[in-house]
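One structure is given below, encoded as structure tokens.
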Amino acid sequence: METVNKIGRGGKRALATLLLLFAVSQGAAHAQSSVSDETRIRAAMLTNLTKFIDWPAAKVSDAQKPFVIGYIGDEWVGRALNNLLSGKHAQGKSVVVQNISTPAQAAQCHILYVANSGRKQYKEMAPALYRAAVLIVSERQLGDSGIVIGLPLVDDNIQIQVDLKMAQSSGLTISSRLLHIAAVTR
């Protein structure tokens, strides 16, 4: 009986350790899943935003060029965008998702999505993007220079924030239907 109790105590410690590791891993998986869900929602919002934005004719007139949605940040953001946007069309063009690493690449985008992990890289590119007719979207609240639309998480909901002055200086026209549902900064 004594041996069973010793093994039982050791087994209990091992079981407690395993349960603790399981709980921690489940918590991490849940956190990753919710971040992933937020990313998927934002990616879906990007495609819907294209219906409410008008780019200058020079940016969209070449029918042979794809509609480029670039991203700056973690690769999982790119995977989420690719998974959702593969085979989609925007502004009558096929959508292409690209990881952006230079200002010249960023200027060729129609939409540039700036993930939290790409903020520093974006700030280095921002001066080259003024007046490039690029819709710059961030997952943070407005306030970074050049960001036209912010999609921050506010009270467990992703809010749409629009900097109308930045949109106008970028040469973009935003539909009043979008402005009606967004928090607008003028």
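Quick check on this structure: which one of Ala128, Ala167, Ala115 is closer than 18 Å to Val60 by Cα and not basic (Lys, Arg)? Walk me through how you get there before you give the answer.
On the way: Ala128 fails: closer than 18 Å to Val60 by Cα; Ala115 fails: closer than 18 Å to Val60 by Cα.
The unique qualifying residue is Ala167.
Can you tell me which residues in the range 101-122 are touching a strand residue (DSSP E or B) at 6+ places or on another chain (Cβ under 9 Å) and within 17 Å of Arg140 (Cβ to Cβ)? If you could, list the steps in order and put the result at the bottom.
Of the range 101-122, the ones touching a strand residue (DSSP E or B) at 6+ places or on another chain (Cβ under 9 Å) are 101, 105-106, 108-119, 121-122.
If the condition is that a residue be touching a strand residue (DSSP E or B) at 6+ places or on another chain (Cβ under 9 Å) and within 17 Å of Arg140 (Cβ to Cβ), then Ile111, Leu112, Tyr113, Val114, Ala115, Asn116, Ser117, Gly118, Arg119, Gln121, Tyr122 are the ones that fit.
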Pick from the range 17-65, criterion modelled with pLDDT of 85 or more, under 20 Å from the mean Cα position of the chain (by Cα) and among the charged types (D, E, K, R), ranking: farthest from Ser176 (Cα to Cα):
Arg42
May I ask you to list the residues in the range 136-162 that are within 15 Å of the chain's Cα centre (by Cα) and either among the small types (Gly, Ala, Ser) or in a loop (DSSP other than H, G, I, E, B) (or both)?
Ser138, Glu139, Arg140, Gln141, Ile147, Val148, Gly150, Leu151, Pro152, Gln159, Ile160
Do we find a residue being out of contact with any Pro (no Cβ under 9 Å at 6 or more places or on another chain), buried (at least 18 other Cβ atoms within 10 Å of the Cβ) and in contact (Cβ under 8 Å) with a residue 40 or more places away in the chain anywhere in the range 150-163?
yes
Can you pull out every residue in the range 74-108 that is small (Gly, Ala, Ser), closer than 24 Å to Ala126 by Cα and surrounded by fewer than 20 Cβ atoms within 10 Å (Cβ to Cβ)?
Ser101, Ala104, Ala107
Working carefully through the options Gly118, Gly92, Gly143, find the one that is at pLDDT 85 or above, farther than 18 Å from Leu49 by Cβ and not acidic (Asp, Glu).
Gly118
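The values are calculated or read from the model by the stated rules, or taken from the named source; none is laboratory data. Remember, predicted model here, so these are calculated numbers, not experimental data. No Cβ is skipped: glycine too gets one built from the backbone with ideal geometry, and neighbour counts run over all protein chains shown.
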